[in-house]
1. Could we say that B:L727 is under 56 Å from the mean Cα position of the chain (by Cα) and not basic (K, R) here?
2. Which residue is farthest from A:A80 (Cα to Cα), if the candidates are limited to the stretch A:117-145 and must be facing chain B (nearest Cβ under 8 Å) and open to solvent by 10 Å² or more (accessible area, probe 1.4 Å)?
3. Within the stretch B:316-353, count every residue that is open to solvent by 40 Å² or more (accessible area, probe 1.4 Å), within 19 Å of B:Y79 (Cα to Cα) and assigned to a helix (DSSP H, G or I).
4. So in the stretch B:138-149, with the set limited to residues that are over 20 Å from B:V95 (Cα atoms) and facing chain A (nearest Cβ under 10 Å), which one is surrounded by the fewest Cβ atoms within 10 Å (Cβ to Cβ)?
5. Is it fair to say A:G169 is more than 7 Å from chain B (Cβ to nearest Cβ) and surrounded by 20 or more Cβ atoms within 10 Å (Cβ to Cβ)?
6. Among the residues of the stretch B:81-94, are any out of contact with any Ser or Thr (no Cβ under 9 Å at 6 or more places or on another chain) and within 13 Å of another protein chain (Cβ to nearest Cβ)?
7. I need a count of the residues in the stretch A:183-204 that are within 7 Å of another protein chain (Cβ to nearest Cβ), touching a helix residue (DSSP H, G or I) at 6+ places or on another chain (Cβ under 8 Å), part of a helix (DSSP H, G or I) and open to solvent by 10 Å² or more (accessible area, probe 1.4 Å).
8. Please go through the stretch B:542-590 and pick out each residue that is assigned to a helix (DSSP H, G or I), without any contact (Cβ under 8 Å) to a residue 12 or more places away in the chain and open to solvent by less than 60 Å² (accessible area, probe 1.4 Å).
Amino acid sequence: MSALVATPVLVPLATVALTALAAGRPRLQQVLSGLGSLALLLCALLLLGQVEGGEGARLAFGNWPAPFGIEFHVDRLSAALVLVTALMGSASLLFLASDADPGRRHPLLLPLLHGLLVGVGGAFVTADLFNLYVWFEVMLICALGLLALGARPDQLDGAFKYMVLNLLGTLLLLISVGAVYAATGHLNFTALSQAAPSLPPALAAVLLTALLLSLLLKSGAFPLYAWLPASYHTLPGPVLALCAGLLTKVGVYAVLRLTGDVFAPVPALLPEALGWIACATMLFGVLGAAYHWDMRRILAFHIVSQIGYILLAIALDSAAGNRAALFYTVHHIVVKATLFLLAAMIWRYTGSYDLRRIGGLFRARPRLALLFMVPALSLVGIPPLSGFWAKLVVLQEALARGHYAWTAVALLVSVLTLYSMMKIWMEAFWKDHPQKGWSLPRNTRLAPAWCATLSLAAVTLWISFAPQALLAYAEAAALSLGGGR
Amino acid sequence: MAQANTGQGIGRVERLLFTALPLSALCLVLWKLARLELPLSASLSWVPALGIDLAFHIDGLSALMLLMISAVGTAVFLYAGGYMAGHSGQRRLFVLLSLFMLAMIGTVTADHLLVLFLFWEATSVLSFLLVGFDYHKSGSRRSAQQALLITGAGGLALLAGFLLLGQAAGTYRIREIIEVVPQLEQGGRLTAALLLILVGAFTKSAQFPFHFWLPNAMAAPTPVSAYLHSATMVKLGVYLLARLDPAFGEWPLWELLLKGAGSITAAWGMILALRERDLKRILAWSTVATLGTLVTLVGMRGEGASVAVGSLLLAHALYKAPLFFVAGNIDHGTGTRVIDRLGNLRHSMPWTAAVALLAGASMAGMPLSFGYIVKDVIVEAKSAGEVFAFAKAANTIFGAVAVAVAGVAAVRVFWRHPGVNESCEAREGSLSMILPPLALALSGITLGVFPFFAQGLIAGAAGAMVPVPREILLGITLEFGPTLASLALSYAIGLGVYISWDWLHERFDAAVQRIDRLGMAAHFERLLRGIPRAAAASTRFVQSGSLPAYVALAIGTLSLLLALVMALGWSSFAVPALGGIPGPAVLGACALIAAGALASLFQKDRLALLLSAGLVGYGSGVLFLFSGAPDVAYTQFTVETVFVIVAASILLVLRRSGRLSSLPEARWRPAALALAAAFGAVIMLLLFVASTGPFDPALSDYFSETSLPQAFGRNVVNVILVDFRALDTLGEITVVLLSFLAALPLLALRRAGRERKAEAE
């Protein structure tokens, strides 16, 4: 049933409409939002089941045939990312029911969150370059709305920086899409991949550079990531987890889709340059994390550094590299969202995100410490957690292709990631709370938060101990891309 | 409640259950050894996509390690029951120790490099948690951090080395690797693999220049120090080197680095031991030195050296663990481990004194102890293999100071009274604190008298490095002769060092203090402090907090990279010849656009700004009109008109209510102008270059052909918007609606602010 292909957009879009209409009735709104996210999860699972076997599912809107109308195409790569999106949406919405840093309860919060899912879902399933741009715009406007929702001065400042820099990226994306159309006469991915070989290599390089630069800005790559650390830390915890998990990954996905599938094989200059950009992204990101004491800022900079790893995998420009990129992306979305959610719980227990002002959690909440270790060690890449497999496949392929310098940077960044995670562990958990006579707050409502983080940690552990399933899936996905053929 | 989980330790039954873990492992190992069922292999498919099987192989070397892990483990678990009695974290300690034991067992039995690495990293993480056991002390936290940073960094080097080795050999199975590698060419990749693996092994086994973390790890409780940082975990580096010795043993580089680093560590560790006053740290440095000797022995060729490795591994576990327990008992009984404050403890702690004597005898290599046999074997190995002079000197220092350290631990604090014994109420601990060390120390002596018990075990272990012929085996026998004579020298120097310990301590402390800031520990501290500093510098550079700086960086990067790529391919673009001067209509349209854009730069009035921007839109419309796209032009005019009218009416309403401020005076910023001009030029060139592509008119032809007959619309642009690409329009409508939603809270905020102001007035 091909209508399923449109559900990643239609289901959250319907939820946006319903929750916006129910803005005056908070309980009804919450029920609708919950139902919407569950429906999305269900559709994503069905979609995954549908593409597991073969070529993937296509849907041409208005029945206008492929190169002329707009087409959605869900292959393994898209299906996996849609599923993770749905999962993250459900987990964040569940977490919102707790009192761990929920932010301001604004009636428009839920519509905007689902609006974000519309954009993310659309970007993952579309097979049309201009349509991709449209979904980026949807994401941009929703993220802006969420940033401005709290209306604190720092949030408005962050939102403004976010808007200016992202508009720049959007503008360049639009110009590049226009340029691609001007050069080829096509926007449909399949048509573009057929037209690509007839493009002169130099022209292809220019067009792809323009496209990739705008997408790299959206992904948060060096030196275009300034908007991310400038704004993310002002978001309330659960919203931050969703944005952090998904937004930059859409940019990375688009990079992978364009270089590894639509325009594959790309001129050799691009992967080489991308690799060095990836290294700088990893390094500057992790150094930013080492510099900060606010957990949200630390974790926000780690997004940048991890984006570097995924870009490195893409830069390896091979089926194995693409496999690594997909595996890494899935692992990273789950782990990073878990970390942000846990940070929000730490905030609820200790009263601050600032590591200098908190502590004593190991004694007070040993189970939280245990739970924190799962995503933290996974992010570092300690075996056998999911991050280890992710880094292993990247490093293996980087070494096999003889990229020793990139490998060295990746390893160095891992050490610094370890340093940074240890910092959180030692300050928030091991150290005594700096306030004398501090005790846990009473009357916390954290059951939904525990539920959400435990489920995400369970997903991480599943990937960790049975990586074969995801690895085999990612391999099949990579092989069905243009670069794998 | 914060104190919810800080109860009164754990019960006897639970303690016994925990202790049953290493004990059953010990029984299993002994049973397998007794029935000569080695080697054992098992394999389980795990991640076929990466070719990773849970492959295990237990040969003689693994069995020796397993025996140490389970035997010392049993002693440590028993001991911890007494040492930590009533401690609130006792259960945590047992859980962590049990996990650690499992990780150790995994490491020494794994037959797959990556599986080995998995367990190896687990021991590092567990060591972090155990060193930081007293996490409320900042010293413990720092030591834990240091230990994990160094072993963790080493672990990553090891991973890279393993990957290179596995790729070069075409397999990750260790048994296959040691067969394949000697036949491979000694190229750059393999050399890199070798160096990286050495970094991993040296960090784990505290070899120079990564030696300094081990004594700091003594912040851990004594059972942990005895188990992790003396008997088992720190030997993993040696184990790995021994395991890979058949692969790299013939490489001169391997021999040179192992002997070099090992000898330096052996000598330097012992000298640093002389600096310490804390009994546990003295023992820790002597452990470092022993590890150095082991590494030297692995690096040496010949069967004798392999036998020496096996026997020193075993002997060290049997004497050093009891000595750590002795230090723990003294700490437990007197509250201090500083040797100046201790003396004559034999009266109050007779059993501990006995253990110390037995273990000390073995450490000093006294005849009738297993330590003597080991020294004998080492001497024979060194006389057999060619050893460079430095290694010989290092070994002499090692042997001599070992005698002295044994003297300090076994004789000085129990039998002499050089310092004031501050604590008069020293008392012996419970039975569980005496029996385990006594059992270990006694087995050390037993093996010294009846060495043939250990013969099969050590031969098996040595066999993993080289095939051991029979005559060497016979070497492990009790014999007095030329060996004793050569050992006498080391006894004599050791005695001298022991007697002048305090004098030497002062000299060495003063001397070494002077070069402390050049030492590796100081370098590490500097590096650690450098991380936040480098982080601050780089972050302030990229993330300055100023939006104009961000925008300048972003636009600058985009322009530069785009310009670079275009410049690289410039010569190959099929630049179309300009078709003469365009008609006056096109020129007029361009003039209109340029005028609008330039005018908008200098407007302070918002309404005028809107109108100048509108000129750009109309100019574009005119351009479309005369470039053969009247439908696009029509749409452009409509959109532009509607936009200007709507926006202007809003502005007029605002002006009438007096809430329309004019824009601030534009400042003259030449750098910004240059950047903007560059970006504009790059974008213009980009579009120009794009127009040189092989444009496929299929889409536009299709749209104009099917617009009327199939979509029933005469205006192609409209049909594209509402039919062909209706989904884009839906998305854009969504954007508009969502931006309305997003703006609502801000508008509400302004209104609330105004109302507050009105109320205040």
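1. yes
2. Once the filter is applied, the top-ranked residue is A:L144.
3. Going through the stretch B:316-353 one residue at a time, the tally reaches 3.
4. For the stretch B:138-149, the residue satisfying everything is B:S138.
5. Considered against the rule, which asks whether it is more than 7 Å from chain B (Cβ to nearest Cβ) and surrounded by 20 or more Cβ atoms within 10 Å (Cβ to Cβ), A:G169 comes out as yes.
6. yes
7. Total meeting the criteria: 2.
8. Selection gives B:V542, B:L547, B:A549, B:Y550, B:V551, B:L553, B:A554, B:T557, B:L561, B:V565, B:G569.
The values are calculated or read from the model by the stated rules, or taken from the named source; none is laboratory data. Nothing here was measured: the structure is a model prediction, and the numbers come from that model. When we count neighbours, we look across all protein chains shown, and the Cβ atoms used for this are built from the backbone with ideal geometry, even at glycine. We work out accessible area using only protein heavy atoms, side chains counted, and drop any ligands, DNA or RNA first. Shrake-Rupley method; radii C 1.70, N 1.55, O 1.52, S 1.80 Å.
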